[in-house]
Amino acid sequence: MTRFAPCLLAALTLCACERPATEPGATAARPEPVVVYASFEDENYLPSLFAEFTRETGIPVTVRQRPEQQIVDEVIEKHGSPPADVLLTRSVHGIWRAGDEGALRPLQSDTLTGIVPGWLRDPDGFWTAIGFDTIVAVCNAERRRDCDSIASYEDLSEPEFSEQLCLSTASLPVNRALIASLIEDHGTRPAEILVRGMVKNLKQPPYESELALLQAVDAGTCPLAVASGLAVHEFGRPTVAATWPRPGYFDVVAAGVGRHARSPDAARSLAEWLLGDDAQAAQFDAIGLRPANPAVAAGSFSFPAPTGKPDATRVGLFQVEAVKLAERARWN
């Protein structure tokens with residue numbers, strides 16, 4: 001009998017060590033949060049949007065918000081802690097710069113490739129648009145004919161609009177995207193001639209913000225202006241009318257997965273979720289962001305897609321030249 005005691009003791013010890021990791025009825029470990037670095041100014045919008053993602057998936061989301069240049073620099077230089085799982089930018093230039101500097105990893109998502117048109121995705125797969133922001137001509141609603149008379153962006157440089165045009169500072173993403181799109185369409189020198197014509201038509205010096213610009217339009221100080229669709233939506237006053245000239249220039253709100261992401265799979269899931277039908281509709285309702293998912297755009301909204309389909313990546317590439325062109329044209 002005595003010689004079997006060690007074996008019995010070993011068997012009991014083994015049974016004790018093989019208990020389940022989670023006791024029946026115990027709560028499973030909470031997933032690690034997806035860390036989103038974002039350049040949105042509204043501190044309530046993204047947490048509210050991502051709360052639905054958490055309800056559907058159980059994955060919490062932490063949002064870190066900064067001005068775009070600062071937040072992109074943090075991702076590139078790895079200054080933030082914890083590091084970004086997702087980078088979400090309000091302009092193509094921000095996401096393009098992060099990808100160009102090697103701060104993003106390939107998305108590797110057949111879902112995203114199947115949803116988003118090629119002209120709204122990075123050809124190397126580092127980022128995707130989740131929506132696009134139109135570049136519109138705006139005027140006081142009482143002078144709607146001024147907006148309707150703008151058939152193309154090139155019209156803004158015509159002498160007939162002398163001392164009628166107002167712009168915001170060239171450093172804002174909407175204006176960099178406008179100049180970059182003109183460069184893409186016409187080449188650098190012809191685009192510079194067009195921009196100089198716009199500057200010559202200014203009624204007032206450029207405004208420091210789109211809000212100040214739209215307030216001037218609302219007050220009747222500015223007969224005609226150029227602004228982003230998101231800014232017009234946020235301004236939200238029926239006294240300001242807008243039209244989208246052809247060929248339909250735009251900027252993009254874009255997402256990429258950080259190179260040093262701790263939760264890359266969950267980050268990819270969040271990017272895919274942002275392009276789903278419900279999330280795309282929610283973003284349009286909340287901030288006026290046009291869907292990057294053509295099925296949502298065609299099925300639920302009456303606005304047209306850009307007829308010229310400018311390439312988002314090339315618009316990002318040309319923004320470096322756009323800054324130089326604005327300086328030469330004295331668009332401050």
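Here are a few things to note about the model shown:
- So residue 155, is it open to solvent by 10 Å² or more (accessible area, probe 1.4 Å) and touching a Cys at 6+ places or on another chain (Cβ under 9 Å): no
- Extreme residue, surrounded by the most Cβ atoms within 10 Å (Cβ to Cβ), among residues of region 159-173 that are touching a helix residue (DSSP H, G or I) at 6+ places or on another chain (Cβ under 8 Å) and under 17 Å from residue 139 (Cα atoms): 167
- Long-range neighbours under 8 Å by Cβ, at least six apart or interchain, first residue part of a strand (DSSP E or B) within region 119-132, second open to solvent by 30 Å² or more (accessible area, probe 1.4 Å): 121/113; 128/121; 129/121; 131/284; 131/290; 132/290
- Of all residues in region 52-68, one or more are under 14 Å from the mean Cα position of the chain (by Cα) and within 22 Å of residue 180 (Cβ to Cβ).
- Remark: pairs (first residue in region 184-208, small (Gly, Ala, Ser); second residue in a helix (DSSP H, G or I); Cβ separation under 6 Å; 6+ apart in sequence or on different chains) = 191/182; 191/183; 197/157.
- Remark: residue 148 matches the filter, which requires a residue to be among the acidic types (Asp, Glu), under 19 Å from residue 227 (Cβ atoms) and surrounded by fewer than 16 Cβ atoms within 10 Å (Cβ to Cβ).
- Residues of region 245-285 that are closer than 28 Å to residue 224 by Cβ and surrounded by fewer than 24 Cβ atoms within 10 Å (Cβ to Cβ): 245, 246, 247, 248, 284.
- Taken together, the criteria exclude residue 257 from residues that are at pLDDT below 95, farther than 14 Å from residue 168 by Cβ, touching an Asp or Glu at 6+ places or on another chain (Cβ under 8 Å) and assigned to a strand (DSSP E or B).
- Hey, residue 245 farther than 19 Å from residue 86 by Cβ and either touching a strand residue (DSSP E or B) at 6+ places or on another chain (Cβ under 9 Å) or polar (S, T, N, Q) (or both) or not: yes
- Flag for residue 181 being closer than 14 Å to residue 318 by Cα, of a type in the set (Ser, Thr, Tyr) and crowded, with 16+ Cβ neighbours inside 10 Å: yes
- Among the residues of region 87-110, those identified as assigned to a helix (DSSP H, G or I) and either open to solvent by 60 Å² or more (accessible area, probe 1.4 Å) or over 28 Å from residue 178 (Cβ atoms) (or both) are 100, 110.
- Leading residue by the ranking (farthest from residue 328 (Cα to Cα)) among those in region 186-239 that are among the polar types (S, T, N, Q) and surrounded by 19 or more Cβ atoms within 10 Å (Cβ to Cβ): 228
- Subset of region 69-97 (residues that are at pLDDT 95 or above, closer than 15 Å to residue 264 by Cβ and over 10 Å from the mean Cα position of the chain (by Cα)): 75, 83, 84, 85, 86
- Residues of region 55-74 that are open to solvent by less than 40 Å² (accessible area, probe 1.4 Å) and under 19 Å from residue 275 (Cα atoms): 58, 59, 60, 61.
- Residue pairs whose Cβ atoms lie under 6 Å apart, separated by 6 or more positions or on different chains, with the first residue in region 74-102 and under 14 Å from residue 124 (Cβ atoms) and the second modelled with pLDDT of 95 or more and part of a loop (DSSP other than H, G, I, E, B), are 95/127; 99/126; 99/127.
- Cβ-Cβ distances below 6 Å connect the following pairs, each with a first residue in region 293-322 that is polar (S, T, N, Q), a second residue that is at pLDDT 75 or above and open to solvent by less than 20 Å² (accessible area, probe 1.4 Å), and a separation of six or more residues or different chains: 293/275; 293/280; 307/248; 313/122; 319/180.
The values are calculated or read from the model by the stated rules, or taken from the named source; none is laboratory data. On a predicted model such as this, the values are computed, not experimentally measured, just so you know. Don't worry about glycine lacking a Cβ; one is built from the backbone with ideal geometry, like all the others, and counts go over all protein chains shown. Note: areas computed on protein heavy atoms with side chains; ligands, DNA, RNA excluded. Shrake-Rupley method; radii C 1.70, N 1.55, O 1.52, S 1.80 Å.
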